[in-house]
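Step one of this worksheet: look at the structure below.
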Amino acid sequence: MQQEALCIAFESIVGKQNCITDPEIIKTYLEDWRGIHVGFTPIVLLPNSTQSISQIMKICFDNNIGVTPQGGNTSLCGANIPHSTKDRLEIVINSSKMNQILELDTHNQSLIVQSGCILSTIQTIAEDKGLFFPLSMGAEGSCQIGGNISTNAGGVNVLKYGMIREQIMGLEVVLPDGTVFSDLKGLRKDNTGYDLKQLFIGAEGTLGFITSVCLKLFSQPTSYSSALVAVENPFKALELLKKGKAFFGENLTGFELMSSSCIQAVEKYLPSCKIPLSSLYPWQILIEVGNITTDQNNDERMVVFLEKELETAVITDGIVANSIQERKDFWRIRHAIPEAEKYTGSAIYHDISVPISKIPELIEQSIAELEEYIGKSTVFAFGHVGDGNLHFTKGKPASMDKTSFLNETANVHRIVHEVAVQLGGSFSAEHGIGTKLKNELEHFSDPVKLELLRTIKNSIDPKNIMNPNKLIS
């Protein structure tokens, strides 16, 4: 089918205004958040219903057209970027207009929404009903829940609530041939065969297009206590984490480590962020405790805890938020780090995880090996130490030009990823594979795992319609 005929068919499904072919408008759908991954497509579709996506997928299946599922475009590994060529057309189906709230059950503590709902909107809806949806991250004002599910997003509350995989009760997915798999039941127990929804969580859109989701909600914490503390090194951070778990128990919900380079970048490039502790401290930690009962004063307990750790020299300084606004200010620092990094110049980014006990070794070994290989430069290290996930960024050495440095990206990745894997970790903690890490998946994965991945992909998507050339080939 010729492109003109295709557009007519697509317009009959989504309307002319939702079939975008203007190259200037399409540009906004072709680049990832960091501007590293850039692609091409002549067609972007904005459907608003499962039925519409099903009809689109049938056309694509019949005409061997590739489909890139796309949400809020906050992906960092290129999974959301189309790569249409003269040999094979690839279109974008963007879920931005799939943003309806379908059902809220306060007794069941479940919420059914379309996949294009913004994460912060879901958080607010739950909060308005006295409930809580724990997924939280810096991009929550623009990322969409379908994309969060497709990458098995983590965020800052994994320490207590787990990855989003653990917060999904049901899914509705349009398969590559247009068939709809619908399983939106809000059940906590359903032993009726394979848990098929798990195939699509973390699949990065390579098996189907997620159209709706049933989310698990939780009781809303009645109060929070947040603190920023300074420590001398990551070993002290681990000691503090261990003591924090013992002191606060399951109420410890956040434990975010930030190097001084991260704090200084926020201070320099985003001056509207308030930095309460000196940015000269080598490491700072954002600690948060959430309480769902009213029989304890979290702030008083936090002060008691920090005073003891100050006396024993586990921490060197600290401050407790004394208002909701100060708590927001603390979190703004943490969430602003990726944006501040972008202003510092050329850099090579990693999203890695290791057993929590190995975090200090991960940092020390990665820095040492990279300095030996490519020279000294600023390193940004921050992340969810409470769950073993570190974001590690190597800045460009002053002695290198930008092109020479970026040409070393694959080698720099391999050095850091080798360190993580040798320490019992993973080269991709929460950002996924996309196109960025396909070679790493091939290199580090067990052959049996790769064969199983390909078997699943070929079984569900034999024509390689869904997000072709992403994740697994």
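The values are calculated or read from the model by the stated rules, or taken from the named source; none is laboratory data. Here the structure is a predicted model, which is why all the values come from computation and not from measurement. All Cβ positions, glycine included, derive from the backbone under ideal geometry; neighbour counts span all protein chains shown.
Conditions first: (1) in a helix (DSSP H, G or I); (2) in contact with a helix residue (DSSP H, G or I) (Cβ under 8 Å, 6 or more places away or on another chain). VAL314 passes all but one, so which condition is the exception?
(1)
Considering segment 73-86 alone, what residues qualify as being over 18 Å from HIS350 (Cα atoms) and within 12 Å of the chain's Cα centre (by Cα)?
The answer is ASN73, and nothing else.
Please give the number of the condition ASN467 fails out of (1) of a type outside the set (Val, Ile, Thr); (2) in contact with an Asp or Glu (Cβ under 7 Å, 6 or more places away or on another chain); (3) closer than 25 Å to SER346 by Cα.
With respect to (1) of a type outside the set (Val, Ile, Thr); (2) in contact with an Asp or Glu (Cβ under 7 Å, 6 or more places away or on another chain); (3) closer than 25 Å to SER346 by Cα, ASN467 is out only on (3).
Which number in (1) at pLDDT below 95; (2) buried (at least 19 other Cβ atoms within 10 Å of the Cβ); (3) β-branched (Val, Ile, Thr) marks the one condition that THR192 misses?
(2)
Residues being within 17 Å of MET466 (Cα to Cα) and touching a residue at least 60 places away in the same chain (Cβ under 8 Å): count how many of those fall in segment 76-90.
Counting residues in segment 76-90 that are within 17 Å of MET466 (Cα to Cα) and touching a residue at least 60 places away in the same chain (Cβ under 8 Å) gives 9.
Could you list all residues from segment 136-150 that are modelled with pLDDT of 95 or more and either closer than 13 Å to ASP105 by Cα or of a type in the set (A, V, I, L, M) (or both)?
The answer is ILE145, ILE149.
Can you tell me which residue within segment 28-79, out of those that are farther than 27 Å from ALA139 by Cα and hydroxyl-bearing (Ser, Thr, Tyr), is surrounded by the fewest Cβ atoms within 10 Å (Cβ to Cβ)?
If we take residues in segment 28-79 being farther than 27 Å from ALA139 by Cα and hydroxyl-bearing (Ser, Thr, Tyr), then SER54 is surrounded by the fewest Cβ atoms within 10 Å (Cβ to Cβ).
Out of LYS243, LYS236, LYS274, LYS268, report the one residue that is outside the structural domain of PHE392 (by TED's automatic domain parsing), basic (Lys, Arg) and at pLDDT below 95.
Matching residue, one of LYS243, LYS236, LYS274, LYS268: LYS274.
I'd like to check something: does segment 395-412 contain any residue that is more than 29 Å from GLY155 (Cβ to Cβ) and of a type in the set (Lys, Arg)? Show your work before the answer.
Let us first name the residues in segment 395-412 that are more than 29 Å from GLY155 (Cβ to Cβ), namely 397-405, 407-408, 411.
When the remaining residues are screened for being of a type in the set (Lys, Arg), the result is 402.
Yes, there is a match, as at least one residue in segment 395-412 is more than 29 Å from GLY155 (Cβ to Cβ) and of a type in the set (Lys, Arg).
Please find, within segment 450-469, the residue that is surrounded by the most Cβ atoms within 10 Å (Cβ to Cβ) out of those that are free of Cβ contacts under 8 Å to residues at least 60 places away in the same chain and in contact with a helix residue (DSSP H, G or I) (Cβ under 9 Å, 6 or more places away or on another chain).
LEU453
Does ILE472 satisfy the condition of being in contact with a helix residue (DSSP H, G or I) (Cβ under 7 Å, 6 or more places away or on another chain), of a type outside the set (Asp, Glu) and assigned to a loop (DSSP other than H, G, I, E, B)?
Values: in contact with a helix residue (DSSP H, G or I) (Cβ under 7 Å, 6 or more places away or on another chain): yes; of a type outside the set (Asp, Glu): yes; assigned to a loop (DSSP other than H, G, I, E, B): yes.
Against the criterion (in contact with a helix residue (DSSP H, G or I) (Cβ under 7 Å, 6 or more places away or on another chain), of a type outside the set (Asp, Glu) and assigned to a loop (DSSP other than H, G, I, E, B)), ILE472 qualifies.
What are the residues in segment 132-163 that are aliphatic (A, V, I, L, M) and more than 12 Å from the chain's Cα centre (by Cα), if any?
LEU159
Given the condition on the phi > 0 side of the Ramachandran plot and not hydroxyl-bearing (Ser, Thr, Tyr), answer yes or no: does some residue in segment 211-230 qualify?
No - not one qualifying residue is present in segment 211-230.
I need the full set of residues from segment 156-177 which are without any contact (Cβ under 8 Å) to a residue 40 or more places away in the chain and buried (at least 23 other Cβ atoms within 10 Å of the Cβ), in order please.
Across segment 156-177, the qualifying residues are ILE164, VAL173.
For segment 451-469, give me each residue that is assigned to a helix (DSSP H, G or I) and either under 28 Å from GLY35 (Cα atoms) or within 23 Å of the chain's Cα centre (by Cα) (or both).
Initial filter on segment 451-469 (assigned to a helix (DSSP H, G or I)): 451-460.
Listed by number, the residues that qualify are LEU453, LYS457.
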